[in-house]
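K.L.:
I have a structure here, written as C-alpha cells, and I will follow up with some questions on it.
Just so you know, all these numbers are worked out from the coordinates, no wet-lab data involved. What you are looking at is a predicted structure, and each value in this text was computed from that prediction instead of being measured. Cβ coordinates were reconstructed from backbone atoms using ideal geometry, including for glycine residues, and neighbour counts include every protein chain displayed.
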Amino acid sequence: MPRSRQMLSVTWFLLVALALHPRAFASGQWNAQWEPAKPVNGSPVLFRITAPKQLTEIKGNFLGQELSFRFSDACHCWYAIAGVSLVTKPGTYTLHVEGKGHGQEASTMSYTVAVATAPYPATTLKVPPEFVEPPKETLARIEEDQVIKKRVFAATLPEPRWSGRFEAPAKAEVSGIFGSARVFNGVKKSQHTGLDFRVTTGTPVAASNSGTVILARSMYFEGNCVIIDHGQGLLTLYLHLSEFKVKEGDAVEKGQIIGLSGGTGRATAPHLHFAVRWRGEYLDPRTLLELRPPEN
Ligand SMILES: [Zn+2]
C-alpha cells in the first residue's frame, strides 16, 4: 500500500474510533493497573484507575460484581478491591468502568483481565473422627452456626472501613496455605479456605484492617471465631481463638488485638486460621496481604 493511502486509512480508522468512543477516546486519560498482575482463581484483585480529571465518581463491574472506586490523593487515582472466586475458570474477563462528573456525560472504559489457574496442592490431615463425621448430637449446633454465619455474611457496611495495606494478624510462620485440597483422615473434604499461622495458645491476634466486629462467638468447627466487616462485602475471619478481646458490634482499628490464639473447634493443634471473604467467596489471604492500596 502506498504511504499516502496508508496514512489515509489510519486517519479513517481514528475518525471511526473517535465516533464510536467519543468520551474515552477524546479524553485519552484513562488508565488501569491491577495487583496481582496475573490474577488466579481465588485472588483478591486491587484495581487502580487513572481517570479524566473532571470525573467525580467511578463505578465498575468485574465478574458480575459492582465496584465503587475511592479516590486517593496519594496516587491521584481511583481504587477498589475485587475478587476472583476459586471456581472461576481460566480465561479473559472484562473490567468495565464508568465515570461521572458534574454536568458531564458518563464516560466509560473497559479492560481485559487475564485469569490463570492457581496450582493449589493437596494436604493430608488427621483430626479426631468426630470432626470428620460430626456426631448426631452436634448436628443441631452445626446447623445453628450455619444460620448465624448466613445472617452475618449477608449484612455488610455500605462504605469501606479499611484503609491502606492489610496486615498479617500474627507475626508468625505460615503453616498452611489457601486453596490446598484437604484430605481429612483419608477422605477429601474440602479446599482449605484460609491461611494458617503457626502460633501457640495465647498469642495476640490483631485486626488485619479497620472495621466492625460482626461475629465474636464459639462455633463447632471454627471454635472461638471473630469476623470483621471491612465494608462493601469484604470480611476477615480469625478462627480457633482461646480468648476474645472484642465483642460483636465493636469498631476496631487496624492492628488492634481482637483475641488470643488457640486450638478451639476443628483444629489439629493450636494455630490461627485467617480467612478473607469477599461477596460470598473465600479469597487467598496471602494475596490480600501483598496488595499495596494507597494509604489515603
Ligand atoms: Zn486453616
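K.L.:
Report the Cys residues of the chain lacking a disulfide-compatible partner, meaning no second Cys Cβ under 4.7 Å from their Cβ.
P.N.:
Flagged as lacking a Cys partner: Cys225.
K.L.:
When the scattering of the range 170-296 is computed by the Debye formula from its Cα atoms alone, each counted once and equally, what is log10 I(q)/I(0) at q = 0.22, 0.23 Å⁻¹?
P.N.:
Once normalised to I(0) and log-transformed, intensities are -1.43, -1.55.
K.L.:
Something else: Compute the long axis of helix 3-20 from its Cα atoms, compare it with the longest principal axis of the Cα atoms of the chain, and write down the angle in degrees, 0 to 90, nearest 10.
P.N.:
Relative to the chain, helix 3-20 is tipped by roughly 60 degrees.
K.L.:
What's the FRET efficiency of Ala37 with Ser190 using the Cβ-Cβ distance as r and R₀ = 35 Å, to the nearest 0.05? Walk me through the intermediate numbers first.
P.N.:
Details: r = 29 Å, r/R0 = 0.83.
That gives a FRET efficiency of 0.75.
K.L.:
Would you mind getting me the FRET efficiency between Ser175 and Glu290? Use the beta-carbon distance for r and R0 = 25 Å, nearest 0.05. Don't skip to the end; give the middle numbers.
P.N.:
Working: r = 18 Å, r/R0 = 0.73.
According to the calculation, E is roughly 0.85.
K.L.:
How far is it, in nm, from the label point at Ser110 to the one at Ala251 when both lie 7 Å from their Cα along the line to the Cβ?
P.N.:
Taking the simple label geometry, Ser110 and Ala251 are separated by 4.0 nm.
K.L.:
May I ask which of Lys171/Lys247; Lys136/Lys245; Lys149/Lys189; Lys136/Lys189; Lys126/Lys247 have a Cα-Cα span longer than 27 Å here? Walk me through the intermediate numbers first.
P.N.:
Values: Lys171/Lys247 23 Å; Lys136/Lys245 32 Å; Lys149/Lys189 20 Å; Lys136/Lys189 18 Å; Lys126/Lys247 32 Å.
Checking Cα-Cα distances, Lys136/Lys245; Lys126/Lys247 exceed 27 Å.
K.L.:
Give the residue from Phe166, Gly176, Ala140 lying farthest towards the positive end of the charge dipole for the range 140-197; charges sit on Cβ (+1 for Lys and Arg, -1 for Asp and Glu) and the dipole is referred to the Cα centre.
P.N.:
Of the options given, the answer is Ala140.
K.L.:
Quick check: residue separation of His76 and Thr117 times 0.36 nm, minus the Cα distance between them. What number comes out in nm? Please report the intermediate quantities before stating the final value.
P.N.:
Numbers: separation 41, 0.36 × 41 = 14.76 nm, distance 3.24 nm.
Between His76 and Thr117, full extension yields an extra 11.5 nm.
K.L.:
To the nearest 0.05, how large is the calculated FRET efficiency for Ala269 and Ser218 if R₀ is 22 Å and r is the Cβ-Cβ distance?
P.N.:
On the way: r = 19 Å, r/R0 = 0.84.
Calculated transfer efficiency: 0.75.
K.L.:
Okay, moving on. Which value in deg cm²/dmol, rounded to the nearest 500, describes the helix-derived mean residue ellipticity at 222 nm for the chain, given -39,500 (n - 2.57) per DSSP H run of n ≥ 4 and division by the residue count?
P.N.:
Details: 4 runs with 46 residues, N = 296.
For the chain, the value works out to -5000 deg cm²/dmol.
K.L.:
Okay, next question. Using only Cα atoms, find the angle between the long axis of helix 139-154 and the longest principal axis of the chain, and express it within 0 to 90 degrees, rounded to the nearest 10.
P.N.:
30
K.L.:
Let me ask something additional. Let me know the Kirkwood hydrodynamic radius for the range 72-230, please, with Cα pairs as the basis and the value in Å to one decimal.
P.N.:
Working: mean 1/r = 0.0505 Å⁻¹.
Every distinct Cα pair counted, the radius reaches 19.8 Å.
K.L.:
Sticking with this structure for a sec: Once fully extended, how much extra length lies between Lys100 and Ile148, figured as 0.36 nm per residue of separation less the alpha-carbon to alpha-carbon distance? Don't skip to the answer; put the middle values down first.
P.N.:
On the way: separation 48, 0.36 × 48 = 17.28 nm, distance 3.88 nm.
Roughly 13.4 nm would be gained on extension.
K.L.:
What does the extension gain come out to for Thr56 and Val183, with contour length at 0.36 nm per residue minus their alpha carbon separation?
P.N.:
Details: separation 127, 0.36 × 127 = 45.72 nm, distance 5.00 nm.
In short, 40.7 nm is gained.
K.L.:
Treating the beta-carbon of each Lys and Arg as +1 and of each Asp and Glu as -1, no other charges, what is the dipole magnitude of the chain about its Cα centre, to the nearest 20 debye?
P.N.:
Details: 32 positive and 26 negative charges, 153 e Å.
In total the dipole reaches around 740 debye.
K.L.:
So how far apart, in nm, are the two label points at Thr201 and Thr92 if each is 7 Å from Cα heading toward Cβ?
P.N.:
With each label point 7 Å from Cα toward Cβ, the separation is 5.5 nm.
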